[in-house]
Each structure stands twice: as C-alpha cells, then as structure tokens.
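Here is the structure we will look at.
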Amino acid sequence: MSWSILAESMPQLLQAALDTLRMTGLAFLIAAALGLPLALARMAPGLPGRLALGYIEVMRGVPQLAILFLIYFGLVPLGVALHAFTAAVIGLGLSGSAYLAEVYRAGVLAVDPGQREAAQTIGMQRVQVLRHVVLPQAWPAVLPPMGNYLVALLKDTSIASIISAPELMLRARDLSSEYFLPMHYYLLVGGMYLVMAWPLMQGVRVLERRLARGRLQGETR
Amino acid sequence: MTEPLVRAVRVGKRFGATDVLQDVDLTVQPGEVVAIIGPSGSGKTTLLRCIAHLERPTSGHVEIAGERVGAVLAGGRLRPMTDREIARLRQGIGMVFQRFNLFPHLTALENVMLGPVRVLGHGRAEAEPQARELLRKVGLAHKADSYPERLSGGQQQRVAIARSLAMQPRLMLFDEATSALDPELIGEVLAVMRDLAREGMTMLVVTHEMGFAEDVADRVVFMDHGRIVEEGPPQTLFRSPSHPRTQAFLRAVIDRQAMTEAP
Amino acid sequence: MNAWGRIGEFLPVLLAGAVTTVEITAGGFLIAVALGLLAGALLGAGSRAVRAAARVYVDVFRAVPVLTQLFILYFGLVEIGVRLEPLQAAILGFGINGGAYLAEVFRAGILSVHHGQTEAAQMLGMTRLAVLRIVVLPQAMRVALPSLANYAIGLLKDSTLASAVAAPELMFLARKLVDRTFLGPQIFLTVAVIYLAMSLPLGQLTRLAEARAGRGRR
C-alpha cells in the first residue's frame, strides 16, 4: 500500500527534482560568473585585493544556511521580500562565488610564471596576457575542483528546503508528513539525489584521471 | 656439510608475459658472502625479493634454514603462510634497499629502535643502548637524533643497515645498496658491509661494485635474462670467466670504468 | 536603535547554542575520523568484497545530501520504531556522512606514502596491520592534516543543518528568538559573527597545517 502511495507521488517528486536541478544550474552560473572577477580582484594589490579577501573570508566562514536566512528573512525589514527560490539561488550563488574565486586563483597561480613573462616580452598587455595565455592554461587545475563544487552545490540545494524554497527536499518533507511515511520518502529522495550526483562524481573522477595523465605526458615531452 | 641457510629451488617469476626469473637454483651456506652481478633487468633484484617474500615466485620455491618461504606443510598439504607467519619469518632476514627507505617521521635512533621495540617487544631501556651501539658501529653515533632528511644518502644507508642489524638477523640481503649514492658516498657504505662480512654475517649482495664483489665475496653469481649463467669464486669468475656472456659483461664494465676514470 | 541594544539580552542564549554547535561538531568529527580511518584502510583491503563494500559506503554517503541523511535518522527511523534524540541524530548523521568523506582523504594520504616504506617495515617483521599502524598512518596523517582541518571547518558550518532536526544549536535557538522578537537582521547578523569567530581561528590553524605539510616530510 505504501508503495502505491510512493508511486503516486513520483510525478511530484520528479517535478521537484527538476526544480533542484534548475536551482543548482542558476546558482552555479552566478558563482562561476562572480567568482572570476572576485579572483582577479583578490590578486590585485591594495584596496580591491583586501575587499575581495574580506568578502571571501566572510562568505566561507559563515554557514550557507545563515546566508540564506539573512537574504530571505533579514532583508524583509528593509523592504526587500524575495521569493524563497530566488533567495536560495542568490544565497547559494554568492557563497559559491567565494569558493570558486579561490579555485580560479589556485588555477592561475598554478600556471608557470615563465609563461606570463614570456607573453610580456612579446609585448602583450596585462589583460591580454591573462586572457590569451594564463586563463587557457589554468583550466586543467580549475575544472576538477569546479566539478566537485557542482556536486556539492547539487546536494546543498537541499538546504533551501529550510527556507521553504520549492525543491526536492521540501517536497519530500511535505509528502512524508502528509502520509506519515518518512523513511520511505527520505530513502527514495536520497536515492534520487544519488542518481543525480553519482554520474557527476564519476565524471569528475574521469576528468581528474585524464588531466593527471595529460600533465604527466606534458612533463616528459 | 651443514644445511644451507638459503636454498632457491628452480625459482621462476613471470610478470605478465615476461619471464623475469627462470629455473634459478641457488644455495648460500651460513657465514657465506655471495655477490650477484649482472646487467640491469637480469633478475637479480627479483631473486632477492623472492627470498624476502616481497615477491611470490610463480614456480619453484625458496627455503630459509630448511623452512619453506611463504608456505607451510600442514596435514600433507601446502597452505599459504598467514600474515603473522610471514612476519615472523622476515624477522630473521635483514634487507637493505637501494632507496634506503628510512622512516622519515622518526630520528635515526628511533628508526633503529623501531623493530626491537615494536616487533620484538623489547623495553626502551634495553633497546636504546643497543641501538646507539649499532649507530656507533656504522659511524653515526653523533647523528642519533637527526631525522633522515638531514642525513646524506650514505649516512641514510648506514642507518638503514643498523636498523636491519637491530633485529639480529641471520641473513642480510643487500639490494643495490650503493646504486642510488653519489660516487663519493659509496665507500663509507661498502666499508660497513665489509666489516659485516668479516664478522661472519651471511650476506647476499646484489651489486654493481665489481671491486667489492671481488674483494669481499666468497662466491660470485652472474645472472643474465633471468637465469644464472655462471658462478664461482671471485678469482675464477673475474679472471677467467668461462661463459661468453660473462666475458662480454665484464668487458663492458671494465671499459665503462676505464672511461669514467680516465683523466 | 533599541533593537541593536537588545542583542545583549539574547547573547547568553545564543552563546549556549554555540556550545551545542561545538558539541555537535566535535562529536561528529570524532565519529567521522574513526569511520574514515576504517573505511579508508578497507578501500585498500586485500578482499575484493570488502573493498567493494567500503566503496559503496563512501560513494553513497557522499552522493546524498547530509540533510537527507539527518532526516532519515531523525524522522525516518521513527517509522520503524527507533526514536533518536535530536543531538544524537545530528552527531551520528554528521559522523557517518563525514566518515565517507574522510575515507577518501585518508586513502589519498595512505597512497602518498611510498611503497618502500611498507616493504622496509615488512622486512622488520611487522604484520600488515602493524605496518599500517606504526609506519604508514603516521605519515599519511601529515598529508591528510590540511584536508582534515578543512573538513572540521565545513562541519562547523554544516552543523546549522541540525536545526532542521530540532537540535538546540546556535541556528535553532536563533530562529526561535527571531520568531519571538521579529529581530531577524540583528539576530542573524549576530549569529553570522559568532560563526565567523569560531571558523576564522580554525581557518588560521588550517593554513598553519598546510604550511607545515608543505614544508617537508617532517
């Protein structure tokens, strides 16, 4: 009997899983887009560098749930009432941008300084050097941690259920309290996350292995 | 005649499609020093590792003091040794590696004490003076509290020898113990090995140092392509080798030495 | 203006919550390290079945959100008659989840130790377990230390999720205060500062650990 209830819930859960994927994708875009200027600012001298560092440290030191609360509940007295889904996307995106900024930075630092000097000696300007020489070579060091971040983000969207943003975990909570089948629903939903995250995890693993091999070949050449 | 300390019986080892060892028979008597020479890839190291049971022979077997390495006869049938039985067997065999393999998180003294304390269960009060004595013997009493990264290659290798001796082994295996050393550091390690041979330690030495083999070994074994080609007393093997492959190998070695030693 | 003045009034409650937060973090961390060591070692076990079992544990628990795992423990188990206290569920949930994560960390640490170390220890007559315990793990730990510290910081922040299973930690008490006082911005900002005050020193320690691990083998 409980199985038929679960089966009936499947369309709703699948719809909610799509919301989870949508939230993941949007937050990832924000994080990836904001992370790059943040990384560049972080490496700049003076005030921009310090501001960026401050932002990164705060974002990485404060729990994501606290950031979501601040955006969702905290802005209301200031007259900003966001939809829970929007608040979740912004909150996850902002906290992710701090993480990815450090990933980008590590990638740039991994590029041999000789590359930069060589590009400067042929008369390239700093922005050109970055765009044409450094960033293209930074990708191998950036992609695996970026992939890992995507997997983590996919799972972290479940936190949005705590501010009642519509996604998979929230739907599971609603359904399980409606039918009082918490074990059934949470295991099912756990399985659904597994199905979404596992291929990503394998993809990252393959990527890591391939990039590691490429690096080794590059060295012997 | 006494029972041999080491007996390799038709030992073969195959990695994938390659025969690294084929039908190797070798005996070492107690107190004997045997040098194994030969070109790289001839199977010398693999033979040594089979004796230490770091590799399992694909055919044949090894005996140490009559005890079969890696297998136990029980109820008329051979069964593989347990982890514990292998560990006990290895307590009596010291091995010195090409890459020293000192434990980097321990000082020289702690490296030497580790076996007696953690494996033999000796008290620190008993193990420490013994360890210091061994370090003194290899000329490193003053380096007792140094970590391996602070020691030269030659010093590390001498600590590694002391670490093996601390287990009071009846057999010492040397796997190209000086091959990873800078030329000026080789002598100090060979001197320690020479002392050890003089004290009557049974030694099986894989080496590229022909001078050492000639001076110290009671018997020299020449290996090529996974087989023992020729063996005999050093005078015979080095002065009048009977097999053409031995002759070619020795000629190449002498040429190379002449080239490096030429002014 | 008065609203900020009232923070002092709530601070004792929030600090009591912070203590529970530390309890959850420390408890979860200890379980995670123990399970991680076990699973990390078993990932390299001789038996194929044991290896596969460890791999399934590691992959499954890392692919499912920790919030889902907490809900299974706290709400789900009730369905089969097992009722855990919120704190128990939180510590257990974070511990099991973290064990899967740390297993990979320890595995990488173990693999970073050169094979010659194992052989040298074996030739001193050590059993496989003794080799692992006496020679390999102490060296693997040095390599794993930065990741371990990073994990601790992550766990400190993730412990907010325990509020969703009603564990009386910092976030949970903060939300109750907000419900009563409607001082959302003030209270949540204070909470953010308290988390920062806990995680930033941990971050400094991590950097120290990273510097030490990077400096040499010692």
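The values are calculated or read from the model by the stated rules, or taken from the named source; none is laboratory data. All figures in this text were calculated on a predicted structure; none of them were measured in a lab. Note that each Cβ is placed from the backbone with ideal geometry, even for glycine, and that neighbours are counted across all protein chains shown.
Among the residues of this structure, B:L78 does not count as one that is touching an Asp or Glu at 6+ places or on another chain (Cβ under 7 Å) and more than 14 Å from chain C (Cβ to nearest Cβ). Among the residues making up the range B:107-120, those that are crowded, with 21+ Cβ neighbours inside 10 Å, of a type in the set (A, V, I, L, M) and within 9 Å of another protein chain (Cβ to nearest Cβ) are B:L114, B:V119.
Determine which member of the set C:R180, C:R128, C:R175 is charged (D, E, K, R) and either under 28 Å from B:I86 (Cβ atoms) or at the interface with another protein chain (Cβ under 7 Å from one of its Cβ atoms) (or both). Only one candidate passes the filter, namely C:R128.
Residues in the range B:127-163 that are touching a Pro at 6+ places or on another chain (Cβ under 8 Å) and part of a helix (DSSP H, G or I): B:A127, B:Q130, B:A131, B:P148, B:E149, B:Q156, B:V159. Can you name the residue in the range C:88-100 that is closer than 24 Å to A:L170 by Cβ and surrounded by fewer than 22 Cβ atoms within 10 Å (Cβ to Cβ) and is also farthest from the other protein chains (Cβ to nearest Cβ) among such residues? Checked the range C:88-100; the qualifying residue farthest from the other protein chains (Cβ to nearest Cβ) is C:L92.
For the range C:52-85, which residues satisfy the criterion of being more than 10 Å from chain A (Cβ to nearest Cβ), of a type in the set (K, R) and either buried (at least 19 other Cβ atoms within 10 Å of the Cβ) or not in a loop (DSSP other than H, G, I, E, B) (or both)? Matches in the range C:52-85: C:R55 only. Can you find even one residue in the range B:80-91 that is crowded, with 21+ Cβ neighbours inside 10 Å, in contact with a helix residue (DSSP H, G or I) (Cβ under 8 Å, 6 or more places away or on another chain), within 23 Å of B:H208 (Cα to Cα) and not aromatic (F, W, Y)? No: the range B:80-91 contains no residue that is crowded, with 21+ Cβ neighbours inside 10 Å, in contact with a helix residue (DSSP H, G or I) (Cβ under 8 Å, 6 or more places away or on another chain), within 23 Å of B:H208 (Cα to Cα) and not aromatic (F, W, Y). Within this structure, A:L92 fails the test of being within 14 Å of chain C (Cβ to nearest Cβ), modelled with pLDDT of 95 or more and either in contact with a strand residue (DSSP E or B) (Cβ under 7 Å, 6 or more places away or on another chain) or farther than 30 Å from A:A44 by Cβ (or both). Residues in the range A:38-48: is at least one without any contact (Cβ under 8 Å) to a residue 24 or more places away in the chain, more than 14 Å from every other protein chain (Cβ to nearest Cβ) and among the basic types (K, R)? No; the residues of the range A:38-48 include none that is without any contact (Cβ under 8 Å) to a residue 24 or more places away in the chain, more than 14 Å from every other protein chain (Cβ to nearest Cβ) and among the basic types (K, R).
Highlighted here are the helices (runs of 4 or more DSSP H) found entirely within the range A:110-201 that include at least 2 residues which are facing chain C (nearest Cβ under 8 Å) and either more than 25 Å from A:L36 (Cα to Cα) or acidic (D, E) (or both): A:168-179. Within the option set A:A87, A:A41, A:A66, being modelled with pLDDT of 95 or more, assigned to a helix (DSSP H, G or I) and buried (at least 18 other Cβ atoms within 10 Å of the Cβ) holds for one residue only, A:A87.
From the list B:G123, B:G154, which residue is surrounded by fewer than 17 Cβ atoms within 10 Å (Cβ to Cβ), farther than 29 Å from B:E67 by Cα and of a type outside the set (V, I, T)? One residue alone meets the criteria, B:G123. The residues of the range B:1-44 that are under 17 Å from B:E231 (Cα atoms), of a type in the set (V, I, T) and either without any contact (Cβ under 8 Å) to a residue 60 or more places away in the chain or surrounded by fewer than 22 Cβ atoms within 10 Å (Cβ to Cβ) (or both), listed by number, are B:V9, B:V11, B:T27, B:V34.
Go through the residues of the range B:145-153 one by one and say whether even a single one is in contact (Cβ under 8 Å) with a residue 24 or more places away in the chain and closer than 21 Å to B:Q257 by Cα. No, the range B:145-153 contains no residue that is in contact (Cβ under 8 Å) with a residue 24 or more places away in the chain and closer than 21 Å to B:Q257 by Cα. Does A:V80 meet the test of being free of Cβ contacts under 8 Å to residues at least 40 places away in the same chain, surrounded by fewer than 14 Cβ atoms within 10 Å (Cβ to Cβ), of a type in the set (A, V, I, L, M) and not in a helix (DSSP H, G or I)? Answer is yes for this residue.
Per-residue answers, yes or no, for (1) touching a residue at least 12 places away in the same chain (Cβ under 8 Å); (2) within 15 Å of the chain's Cα centre (by Cα):
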{"residue": "B:P116", "(1), (2)": "yes, no"}
{"residue": "B:E133", "(1), (2)": "no, no"}
{"residue": "B:K137", "(1), (2)": "yes, no"}
{"residue": "B:H142", "(1), (2)": "no, no"}
{"residue": "B:S164", "(1), (2)": "yes, yes"}
{"residue": "B:A177", "(1), (2)": "yes, yes"}
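Can you find a residue in the range B:85-101 that is of a type in the set (S, T, N, Q), closer than 17 Å to B:M167 by Cα and either out of contact with any Leu (no Cβ under 6 Å at 6 or more places or on another chain) or touching a residue at least 24 places away in the same chain (Cβ under 8 Å) (or both)? Yes; the residues of the range B:85-101 include at least one that is of a type in the set (S, T, N, Q), closer than 17 Å to B:M167 by Cα and either out of contact with any Leu (no Cβ under 6 Å at 6 or more places or on another chain) or touching a residue at least 24 places away in the same chain (Cβ under 8 Å) (or both). Of the residues that make up the range A:98-107, is at least one touching a residue at least 40 places away in the same chain (Cβ under 8 Å), small (G, A, S), more than 14 Å from every other protein chain (Cβ to nearest Cβ) and buried (at least 21 other Cβ atoms within 10 Å of the Cβ)? Within the range A:98-107, one or more residues are touching a residue at least 40 places away in the same chain (Cβ under 8 Å), small (G, A, S), more than 14 Å from every other protein chain (Cβ to nearest Cβ) and buried (at least 21 other Cβ atoms within 10 Å of the Cβ).
Evaluation of B:E110 against the conditions (1) touching a strand residue (DSSP E or B) at 6+ places or on another chain (Cβ under 6 Å); (2) within 30 Å of C:R212 (Cβ to Cβ); (3) among the charged types (D, E, K, R) shows that the sole unmet condition is (1).
Please verify whether C:A41 is more than 11 Å from chain A (Cβ to nearest Cβ), part of a helix (DSSP H, G or I) and modelled with pLDDT of 95 or more, treating the condition exactly as stated. Criteria not met by C:A41.
The condition (being assigned to a helix (DSSP H, G or I) and farther than 30 Å from A:M169 by Cβ) is satisfied by just one residue among C:L200, C:L156, C:L132: C:L132. Tell me whether the range B:177-189 contains one or more residues that are at pLDDT 95 or above, closer than 17 Å to C:M123 by Cβ and not in a loop (DSSP other than H, G, I, E, B). Checking the range B:177-189: not a single residue is at pLDDT 95 or above, closer than 17 Å to C:M123 by Cβ and not in a loop (DSSP other than H, G, I, E, B).
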